[in-house]
1. Scan the range 11-47 for residues that are away from the ligand (no atom under 15 Å from the Cβ), surrounded by fewer than 19 Cβ atoms within 10 Å (Cβ to Cβ) and touching a residue at least 24 places away in the same chain (Cβ under 8 Å) and report the count.
2. Taking the range 82-99, which residues are within 14 Å of the ligand (Cβ to nearest atom) and farther than 21 Å from TYR166 by Cα?
3. Can you spot a residue in the range 214-221 that is loosely packed, with under 13 Cβ neighbours inside 10 Å and either more than 14 Å from the ligand (Cβ to nearest atom) or closer than 26 Å to LEU109 by Cα (or both)?
4. Quick one: what pairs do we get from the range 109-123, first residue within 11 Å of VAL71 (Cα to Cα) and within 11 Å of the ligand (Cβ to nearest atom), second polar (S, T, N, Q) and at pLDDT 95 or above, C-beta under 8 Å, 6+ apart or different chains?
5. When you go through SER58, SER110, SER76 one by one, which is the residue that is polar (S, T, N, Q), over 24 Å from THR201 (Cβ atoms) and at pLDDT 95 or above?
6. Taking ASN123, is it within 26 Å of CYS167 (Cβ to Cβ), touching a Gly at 6+ places or on another chain (Cβ under 7 Å) and polar (S, T, N, Q)?
7. Please give the helices (runs of 4 or more DSSP H) falling wholly within the range 59-172 in which 1 or more residues are over 12 Å from LEU17 (Cβ atoms), over 16 Å from the mean Cα position of the chain (by Cα) and among the charged types (D, E, K, R).
8. Hey, any hits in the range 193-210 for a residue that's more than 10 Å from the ligand (Cβ to nearest atom) and among the β-branched types (Val, Ile, Thr)?
Amino acid sequence: MAKRKGLQPEDSARTVLITGANKGIGFETARQLGAAGWVVIIGARRAKAGREAATALSEAGAAASFIELDVASTPSITRAATEFGKSFRKLDVLINNAGIYPDEGRNILSIPREEIAETFQTNTFGALATTQAFLPYLRKAAKPRVINLSSGYGQLDGLSPGVPSYCLSKLTLNGVTLMLSRALQDQGVAVNSMSPGWVRTDMGGPSAPRSVEQGADTAVWLASEAPQELTGKFFEDRREIPW
Ligand code: NAP
C-alpha cells in the first residue's frame, strides 16, 4: 500500500475502505469522510488512478492512502486484505462501491449468460468476497459497518428488462446485504444497502439530475451518523426504502 503524507494509522482514528473510489460517487464519499477526519483508504483496480485520487485527497489535508483492489479478482482481494493488515489493525467501515453497468443495448430475452455472470463478478460477488476478506479487521472495530452501493434498478419494482445484468446483480447484492446482516447481527456488524439515486458520473452520464455530493450523502450518513442498530435495510436519501 502506498502511504501518503499525513497518514497516521492510529486506533483512535476511524478508518474507511471504499472500493472503486478513484472517481465518481466513491471518490466523493472518500473526499467527504476525509474532510471529516477519517482515515480513508481508496480501493482502485488501476494503480495510477488510485494513487492520483489518494494524492488529491492528501493534498486537501485528508489522511488518505491507496490500495490496489480489483473486486472481480479473488487473488487481488486477498492481496489487498494482507496489505491492509500491514498498516491497520481494524477497519471501521467498508463501502462496497465498485460497480459496472455494461447493459447498453441488452435485453433479458437475449443477453448471454456469460455477460450476466461477468457483471455479477464485480457488482455482487465482488462485494461479498471483499466483505469476507475484510471481516477480521471489521470485527476489531467498535462499531463496524458495511455499506453496499445498490440501485433503484435492484428494487423489485425497478427490475427493467432492458437493463438485465445490472438489475439482477443489484437485486442479488441486496440479498447479500440481507444474508450478511443476519449472519453478523450477533457480532455487532451493521450491513446495509443504499441507492444513491441517478447521479452525474461516468456511469450515470451528464443528464442525471443528482450531483456526486448528493449521491454520496447517504453513504456518508450510513458510515458516520446512522444508528448502529440499523442493519439489513435499504436506504435512499437517508430514508428506508422497499426492497
Ligand atoms: P463510476 O463513476 O463509473 O465509478 C465506478 C467505480 O468502480 C470506478 O472507480 C471503477 O474503476 C470502479 N470499478 C469497476 N469495476 C471494478 C473492479 N472490478 N474492481 C475495482 N473497482 C472497480 O460509477 P458511479 O456512478 O460512481 O457508481 C458507484 C456505485 O454506485 C456503483 O456501484 C453503481 O452501480 C452505483 N450506482 C450509481 C448510480 C448513478 O446514477 N451513477 C445509480 C445507482 C447506483 P475504473 O475507474 O478502473 O473503471
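1. 5
2. The answer is LEU94, and nothing else.
3. Within the range 214-221, not a single residue is loosely packed, with under 13 Cβ neighbours inside 10 Å and either more than 14 Å from the ligand (Cβ to nearest atom) or closer than 26 Å to LEU109 by Cα (or both).
4. Every condition considered, the pairs that remain are THR122/SER169; ASN123/SER169.
5. Selected residue: SER110, the only one of SER58, SER110, SER76 that is polar (S, T, N, Q), over 24 Å from THR201 (Cβ atoms) and at pLDDT 95 or above.
6. Criteria met by ASN123.
7. Ranges flagged: 74-87, 113-123.
8. Scanning the range 193-210 turns up no residue that is more than 10 Å from the ligand (Cβ to nearest atom) and among the β-branched types (Val, Ile, Thr).
The values are calculated or read from the model by the stated rules, or taken from the named source; none is laboratory data. Note that this is a predicted model, so its numbers are computed, not measured. Note that we place each Cβ from the backbone using ideal geometry, even for glycine, and neighbour counts take in every protein chain shown.
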